Amino acid sequence: MKILITGNRGFIGSHIERFWRKLSTENEIYTYEWQERQLPRIEGLDWVIHCGAISSTTERDVARVMRQNYDFSVWLYEECRKHDVDLQWSSSASIYGLGTNFQETAAVDPRSPYAWSKYLFEHYVEKNPTHRRCHGFRYFNVYGDNETHKGTQASPHSQFTLQAQTQGINSEFEGSERYRRDFVSVDTVVGVHFQFIQKEIDENGIWNIGTGTAQSFMDIARPIANQYGALIEQIPFPEHLSYSYQKYTCADLTKLQQTLQLDK
C-alpha cells in the first residue's frame, strides 16, 4: 500500500508516520511538509493521511491560515478525487467553540482562524462529495511525546511536566479546577486512523476522537506536581484568550463506536 502522510514533522503526523513505518516493510510511506511552490504528487497512491496544518489556535494571520489549512486541503481533496485516492484528514474539536453539545451533527461555533479553516474544509467536503473513502476526524485535546516544539500550544500534560522538571512549579490559570476537557492520547488517535483503513470503512463523514470523559486541568497538574515535587501556582487568566478559550469539552463517541463496532 502506498501512503502519503502530510505534516509528518508535526506532533500527530510524526506518530502516524512512525506507526506505519513500524507496521510493515511492504507499505511505501511518503511524507510531505508544506511548501507553497512545491505540491505533492497524488497519482498512484492508495491513501493520503492529511495531518499538515497551522495548528495554533492563537495564530491571527488569517490569510496564512486559510492558504495553508483550507486552500491546500481543498487542492489535496480534489487531487484525491481525480486520481482515485482515499483520504483521511485532521479536523478539530475547536470547531465546537463554546458549545456544550459535542455530537458531530451539533451546531458549530468556531472562534479562531484555525477553527474556521477546519470547519470550512469540512463544509467543502460535505458539499462536494467523493466516490472515494474520505474520513475526517475531530480531535479533542491530544497529548503525548514529541510535543515540545509546540510551545504554549502543547498539551497541559507536556507543559506541566516541562515546568515541573525545569522550574519546580506548575502554573495554572485561575479557575482551572473548573475547566474540564477531554484529553486523549496520541496513541488512541493513531489507532483510530489505522482501524478505519484496516476495516475498510466505506462510510464517509466526520468522527470525534476523544475519550468521552472530561478532566479538569487540576486533575492533570496535581499528579505531575507530586511526581516531581513541584508547587502549583495560579496565574491570571489571559484576557486575549477569553473569546475563544474552551472551558469544557467532552467527545460524544456514539458515532465512532457504531462505525467501528466498539463496546461502549
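The values are calculated or read from the model by the stated rules, or taken from the named source; none is laboratory data. Just so we're clear, the structure is a prediction, and the values are computed from it rather than from any experiment. FYI the Cβ positions are ideal-geometry reconstructions off the backbone, even for glycines, and counts take in every protein chain you see.
Reported count of residues in region 28-60, each being under 20 Å from the mean Cα position of the chain (by Cα), in a loop (DSSP other than H, G, I, E, B) and in contact (Cβ under 8 Å) with a residue 40 or more places away in the chain, is 10.
Within region 47-66, none of the residues are of a type in the set (D, E, K, R), out of contact with any helix residue (DSSP H, G or I) (no Cβ under 6 Å at 6 or more places or on another chain), surrounded by fewer than 18 Cβ atoms within 10 Å (Cβ to Cβ) and closer than 28 Å to L256 by Cα.
Quick test for you: out of F160, F217, pick the one residue that is more than 26 Å from T105 (Cβ to Cβ), at pLDDT below 90 and in contact with a Ser or Thr (Cβ under 6 Å, 6 or more places away or on another chain).
Values: F160 fails: in contact with a Ser or Thr (Cβ under 6 Å, 6 or more places away or on another chain).
When all the criteria are applied, what remains is F217.
Checking each residue in region 214-264 for being within 26 Å of L162 (Cβ to Cβ), out of contact with any strand residue (DSSP E or B) (no Cβ under 9 Å at 6 or more places or on another chain) and assigned to a loop (DSSP other than H, G, I, E, B) picks out G229, S242, S244.
Cβ-Cβ distances below 6 Å connect the following pairs, each with a first residue in region 120-136 that is within 19 Å of R67 (Cα to Cα), a second residue that is surrounded by fewer than 18 Cβ atoms within 10 Å (Cβ to Cβ), and a separation of six or more residues or different chains: Y124/V74.
Can you confirm whether region 82-102 contains a residue that is surrounded by fewer than 17 Cβ atoms within 10 Å (Cβ to Cβ), basic (K, R) and more than 20 Å from I206 (Cβ to Cβ)? Yes; the residues of region 82-102 include at least one that is surrounded by fewer than 17 Cβ atoms within 10 Å (Cβ to Cβ), basic (K, R) and more than 20 Å from I206 (Cβ to Cβ). Of the listed requirements (1) over 28 Å from Q258 (Cα atoms); (2) at pLDDT 95 or above; (3) touching a strand residue (DSSP E or B) at 6+ places or on another chain (Cβ under 7 Å); (4) not small (G, A, S), N69 misses just one: (3).
Table: residues versus (1) under 24 Å from K247 (Cα atoms); (2) loosely packed, with under 15 Cβ neighbours inside 10 Å.
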position: V108; (1), (2): yes, no
position: W116; (1), (2): yes, no
position: V125; (1), (2): no, no
position: F140; (1), (2): yes, no
position: P156; (1), (2): yes, no
position: Q167; (1), (2): no, yes
position: N170; (1), (2): yes, no
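One residue is enough: does region 87-94 have a residue meeting the conditions touching a residue at least 24 places away in the same chain (Cβ under 8 Å), in a helix (DSSP H, G or I) and within 20 Å of C250 (Cα to Cα)? There is at least one residue in region 87-94 that is touching a residue at least 24 places away in the same chain (Cβ under 8 Å), in a helix (DSSP H, G or I) and within 20 Å of C250 (Cα to Cα).
Residues in region 102-145 that are in contact with an Asp or Glu (Cβ under 9 Å, 6 or more places away or on another chain), among the hydrophobic types (A, V, I, L, M, F, W, C) and assigned to a helix (DSSP H, G or I): A115 only. Against the list (1) in contact with a Leu (Cβ under 8 Å, 6 or more places away or on another chain); (2) free of Cβ contacts under 8 Å to residues at least 40 places away in the same chain; (3) basic (K, R), the condition R222 fails is (1). Scanning region 209-227 turns up no residue that is under 12 Å from T259 (Cα atoms) and buried (at least 16 other Cβ atoms within 10 Å of the Cβ). Quickly run through region 96-131 and pick out the residues that are within 28 Å of K82 (Cα to Cα), under 16 Å from the mean Cα position of the chain (by Cα) and not basic (K, R). Those that are within 28 Å of K82 (Cα to Cα), under 16 Å from the mean Cα position of the chain (by Cα) and not basic (K, R): E104, Y114, A115, W116, S117, Y119, L120, F121, E122. If you go through region 1-14 and keep only what is crowded, with 22+ Cβ neighbours inside 10 Å and part of a helix (DSSP H, G or I), you end up with F11, I12, G13. The numbered conditions (1) crowded, with 21+ Cβ neighbours inside 10 Å; (2) farther than 24 Å from L253 by Cβ; (3) acidic (D, E) are all true for E174 except (1).
Determine whether D71 is charged (D, E, K, R) and closer than 17 Å to A53 by Cβ. Walk me through it before giving the result.
Details: charged (D, E, K, R): yes; closer than 17 Å to A53 by Cβ: yes.
Answer is yes for this residue.
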